[in-house]
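K.L.:
For reference, the structure I am asking about is given below.
The values are calculated or read from the model by the stated rules, or taken from the named source; none is laboratory data. Here the structure is a predicted model, which is why all the values come from computation and not from measurement. Cβ sites come from the backbone with ideal geometry, for glycine too, and all protein chains shown count toward neighbours.
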Amino acid sequence: MTRIYIAGHRGMVGGAILRKLEARRDAGEAIDLVTRTRAELELTDQGAVNAFFAEEKPDIVILAAAKVGGIHANNTYPAEFIWDNLMVQCNVINAAYRNGVRRMLQLGSSCIYPRAVSQPMREGALLTGQLESTNEPYAIAKIAGIKMCESYNRQYGVDYRSVMPTNLYGPGDNFHPENSHVLPALIRRFHEAAQDGHEEVTIWGSGKPMREFLHVEDMAEASLFVLNLDKATYEANTQPMLSHINVGSGVDVTILDVARMVAKITRFEGRITTDPTKPDGTMRKLMDVSRLRDMGWQARIGLEEGLRETYAWFLDHQNDFREK
């Protein structure tokens, strides 16, 4: 029996990974799943994390817990974004090692790459230039997590891996009007505009930045694919201090085109305008996913299909967001 601890199982990605592992367990795979809510285990509390690992002794850890948010949240709470994420990573990775965990998968973010990096972004671009200022604290924390895993691998001989997803969306996303990422924010705004009969929706920035999006179900599949790669294959496609793997769809689209797609799906028939006084962030963010593709995995859910599924989920759960 393999004991797998999923940190962040109530988050969008952690929840998708949990569902896939539950399905494997129910199909007869010898898996014992360990989870804790934040109320049950505060991951920024080193003493609590150490006690949890000493008691539960998981064999594998999937670190999907993180403080995340869009441009507004990153600009408003930079201290919280760097502190929370550094503490969670340091506590979980160190406690895992000290309690005999040999294998771990850590989830990061595409914002680790420099603002002016060549597109598409290759893994080797890490630490080659200045980061995007709007989310630099968060990015530095996620870079530290990668380097912590690599350092523990080198010094202690463990097998701690990192995957860097592009912009994620899907069921379970955060639809808060101020603290959400671009896609759920657009879905909620266009839905409400359509319901209220508004004639215009204004989106942040110029609408020109290009973004790549990956459905959370694809991300969960990719995460477990990387986690389960045999060590020889993983090491043959990575380097000791450049071991992270990009995960994306390999396709990008402008924010304005995404807004038009969301408007169509939500049946908003008014005008779409842009507000160039608001920050655009990085003008293009497309992942080079050749490393993962060469190892045998690629995304399967198209953007329009994924958006329709996400909107249907939002409609089924909109009462949960009505007061948020």
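K.L.:
Of the residues Lys278, Lys264, which is of a type outside the set (Phe, Trp, Tyr), under 25 Å from Asn74 (Cβ atoms) and not in a strand (DSSP E or B)?
P.N.:
After applying the criteria, what remains is Lys278.
K.L.:
Which one of Thr37, Thr76 is exposed (fewer than 15 other Cβ atoms within 10 Å of the Cβ), modelled with pLDDT under 95 and either among the aliphatic types (A, V, I, L, M) or over 26 Å from Gly157 (Cα atoms) (or both)?
P.N.:
Thr76
K.L.:
Quick check: is even one residue across the stretch 114-136 acidic (Asp, Glu), under 21 Å from Pro209 (Cβ atoms), within 20 Å of the chain's Cα centre (by Cα) and part of a helix (DSSP H, G or I)?
P.N.:
First pass over the stretch 114-136, keeping only residues acidic (Asp, Glu): 123, 132, 136.
Those still in the list that are under 21 Å from Pro209 (Cβ atoms) too: 132, 136.
Next, only the ones that are within 20 Å of the chain's Cα centre (by Cα) stay: 132, 136.
Still in the list and also part of a helix (DSSP H, G or I): 136.
Checking the stretch 114-136: at least one residue is acidic (Asp, Glu), under 21 Å from Pro209 (Cβ atoms), within 20 Å of the chain's Cα centre (by Cα) and part of a helix (DSSP H, G or I).
K.L.:
Being outside any helix (DSSP H, G or I) and not basic (Lys, Arg) is the requirement here; does Val49 meet it?
P.N.:
For Val49, the condition - outside any helix (DSSP H, G or I) and not basic (Lys, Arg) - is not met.
K.L.:
Give me the residue from the stretch 305-324 that is part of a helix (DSSP H, G or I), acidic (Asp, Glu) and loosely packed, with under 12 Cβ neighbours inside 10 Å and, out of that set, modelled with the lowest pLDDT.
P.N.:
Asp320
K.L.:
Need at least 2 residues that are surrounded by 23 or more Cβ atoms within 10 Å (Cβ to Cβ) and under 15 Å from the mean Cα position of the chain (by Cα) per element, so show me which strands (runs of 3 or more DSSP E) inside the stretch 137-221 make the cut, counting only ones lying wholly within it.
P.N.:
159-165, 167-169, 210-215
K.L.:
Take the conditions touching an Asp or Glu at 6+ places or on another chain (Cβ under 9 Å), in a helix (DSSP H, G or I), more than 18 Å from Met210 (Cα to Cα) and not small (Gly, Ala, Ser) and apply them to Thr233. Does it pass?
P.N.:
No, not satisfied.
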